[in-house]
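**Q** Pasting a structure here, questions to come.
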Amino acid sequence: ENLNDSDCIIVNSHHWNNKLWQLFKLKRENPKLVIIHRIDGPITIVRNSKKQLVVDNAIINFNKRFVDGTVFQSNWSREQCISIGLKKNNPQIIITNAPDDNIFHSSNKLNKKNKKIRIIATSWSPNWNKGFEIYKFLDEKLDYTKYDFTFVGNSPISFKNIKYIKPMNSYELADELKKHDLYITASKNDPCSNSLIEAIHCGLIPIALDSGGHSEIINCSTLLFQGKEDVVKTIEFANIETEKK
């Protein structure tokens, strides 16, 4: 509860807020104090906004001046941070995100009861970079005699064929995920998608845009797609995988 009593301090991204000068003072008074920095982003790339460069620069400067070790969510995130100026000035390690396994697990997952394959996508953010160009395409082009598609979260568009459900709490979302067979994410430059990891832990077969850290989480190239030109083909391949289950 008290930074002054700490031997090691873990700092998340840029969320040190008004603690920066206190950290500076503590580090100066106690050079043996260990500061571990967990980095997300880079925010400029994830949010596709140069306005966020000031935040990324603050992260880079903090890492250079204060940090003894750095934790990244994915190797993609690490490489992108280095590309915008982060130095390899301290030990670095990749620790992938993990879900709350008291909530997100495959126990009580519903078995397939009908011929249709059930697909689900989720997103708290309505930002177009979260994959809505692909979801709009699938809303119009997917064969809905073969598939049911559900979207849970906030969307900037209205769907014609995709079933829309408003944002849920974690327990409700886990229950909803378990009603489905496939999980799809088309988000761009996502360092380590929590929603993708949660769906995998709920027993769904994942399909993802080959962007950001998705490939590191899935580790199966045949479940990755490049865009509109191959997303349906990837879904059809994943459909075959559901039959094996």
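**Q** Do you know which residues across segment 106-125 are at pLDDT 95 or above and either touching a Pro at 6+ places or on another chain (Cβ under 7 Å) or not aliphatic (A, V, I, L, M) (or both)?
**A** Within segment 106-125, 118, 122, 123 qualify.
**Q** Where residues in segment 17-27 are in contact (Cβ under 8 Å) with a residue 24 or more places away in the chain and either of a type outside the set (A, V, I, L, M, F, W, C) or surrounded by 16 or more Cβ atoms within 10 Å (Cβ to Cβ) (or both), which of them is nearest to residue 129 (Cα to Cα)? Walk me through how you get there before you give the answer.
**A** Of the residues in segment 17-27, the ones in contact (Cβ under 8 Å) with a residue 24 or more places away in the chain are 20, 23-24, 27.
Adding the requirement that they be either of a type outside the set (A, V, I, L, M, F, W, C) or surrounded by 16 or more Cβ atoms within 10 Å (Cβ to Cβ) (or both) leaves 23, 27.
Values: 23: 35, 27: 39 Å.
Of everything passing the filter in segment 17-27, 23 is nearest to residue 129 (Cα to Cα).
**Q** Can you find, within segment 121-166, the residue that is most open to solvent (accessible area, probe 1.4 Å) among those that are in a loop (DSSP other than H, G, I, E, B) and of a type in the set (Val, Ile, Thr)?
**A** Filtering segment 121-166 for residues in a loop (DSSP other than H, G, I, E, B) gives 124-127, 131, 142-146, 154-162, 166.
Pick out the ones that are also of a type in the set (Val, Ile, Thr) and you get 145, 157, 162.
Details: 145: 108, 157: 33, 162: 10 Å².
Applying the filter and picking the extreme gives 145.
**Q** Still on this model: Residue check: is residue 89 free of Cβ contacts under 8 Å to residues at least 40 places away in the same chain and either open to solvent by 60 Å² or more (accessible area, probe 1.4 Å) or farther than 24 Å from residue 205 by Cα (or both)?
**A** Against the criterion (free of Cβ contacts under 8 Å to residues at least 40 places away in the same chain and either open to solvent by 60 Å² or more (accessible area, probe 1.4 Å) or farther than 24 Å from residue 205 by Cα (or both)), residue 89 qualifies.
**Q** Filter segment 167-197 down to residues that are more than 20 Å from residue 129 (Cβ to Cβ) and small (Gly, Ala, Ser) and give me whichever is surrounded by the most Cβ atoms within 10 Å (Cβ to Cβ).
**A** Filtering first and then ranking leaves 174.
**Q** So, in segment 188-205, exactly how many residues are closer than 20 Å to residue 108 by Cα and either more than 13 Å from the chain's Cα centre (by Cα) or touching a residue at least 40 places away in the same chain (Cβ under 8 Å) (or both)?
**A** Residues in segment 188-205 being closer than 20 Å to residue 108 by Cα and either more than 13 Å from the chain's Cα centre (by Cα) or touching a residue at least 40 places away in the same chain (Cβ under 8 Å) (or both): 9 in total.
**Q** Testing residue 79 on (1) farther than 30 Å from residue 30 by Cβ; (2) surrounded by 14 or more Cβ atoms within 10 Å (Cβ to Cβ), one condition comes back false. Which one is that?
**A** (2)
**Q** The conditions are (1) over 23 Å from the mean Cα position of the chain (by Cα); (2) exposed (fewer than 15 other Cβ atoms within 10 Å of the Cβ); (3) not aromatic (Phe, Trp, Tyr), and residue 100 fails exactly one of them. Which is it?
**A** With (1) over 23 Å from the mean Cα position of the chain (by Cα); (2) exposed (fewer than 15 other Cβ atoms within 10 Å of the Cβ); (3) not aromatic (Phe, Trp, Tyr) applied to residue 100, the lone miss is (1).
One line per residue, one yes/no per condition, for (1) closer than 19 Å to residue 194 by Cα; (2) surrounded by fewer than 17 Cβ atoms within 10 Å (Cβ to Cβ); (3) touching a Leu at 6+ places or on another chain (Cβ under 6 Å); (4) at pLDDT below 95:
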position: 33; (1), (2), (3), (4): no, no, yes, yes
position: 65; (1), (2), (3), (4): no, yes, no, yes
position: 74; (1), (2), (3), (4): yes, no, no, no
position: 95; (1), (2), (3), (4): yes, yes, no, no
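**Q** Note down all Cβ pairs under 7 Å where the first residue falls in segment 28-55 and is free of Cβ contacts under 8 Å to residues at least 60 places away in the same chain, the second is exposed (fewer than 12 other Cβ atoms within 10 Å of the Cβ) and assigned to a helix (DSSP H, G or I), and they're at least six residues apart or on different chains.
**A** These pairs meet every condition: 44/50.
**Q** Is it true that some residue in segment 85-95 is touching a strand residue (DSSP E or B) at 6+ places or on another chain (Cβ under 8 Å) and in a helix (DSSP H, G or I)?
**A** No, segment 85-95 has no match at all.
**Q** Between a first residue in segment 220-236 that is closer than 11 Å to residue 206 by Cα and assigned to a helix (DSSP H, G or I) and a second residue that is aromatic (Phe, Trp, Tyr) and open to solvent by less than 20 Å² (accessible area, probe 1.4 Å), which pairs have beta carbons less than 9 Å apart while being 6 or more apart in sequence or on different chains?
**A** Every condition considered, the pairs that remain are 234/225; 235/147; 235/225.
**Q** Quick one: what pairs do we get from segment 115-132, first residue among the aromatic types (Phe, Trp, Tyr), second open to solvent by less than 10 Å² (accessible area, probe 1.4 Å), C-beta under 7 Å, 6+ apart or different chains?
**A** From segment 115-132, the pairs are 124/153.
**Q** Working only within segment 24-57, note down all residues that are of a type in the set (A, V, I, L, M), over 24 Å from the mean Cα position of the chain (by Cα) and over 22 Å from residue 93 (Cα atoms).
**A** Listed by number, the list holds a single entry, 26.
The values are calculated or read from the model by the stated rules, or taken from the named source; none is laboratory data. Worth saying up front: this structure is predicted, and the values here are computed from it rather than measured. Heads up, the Cβs are rebuilt from the backbone with ideal geometry, glycines too, and the neighbour counts pull from every protein chain shown. SASA here: full protein model, heavy atoms, side chains in, ligands and nucleic acids out. Shrake-Rupley method; radii C 1.70, N 1.55, O 1.52, S 1.80 Å.
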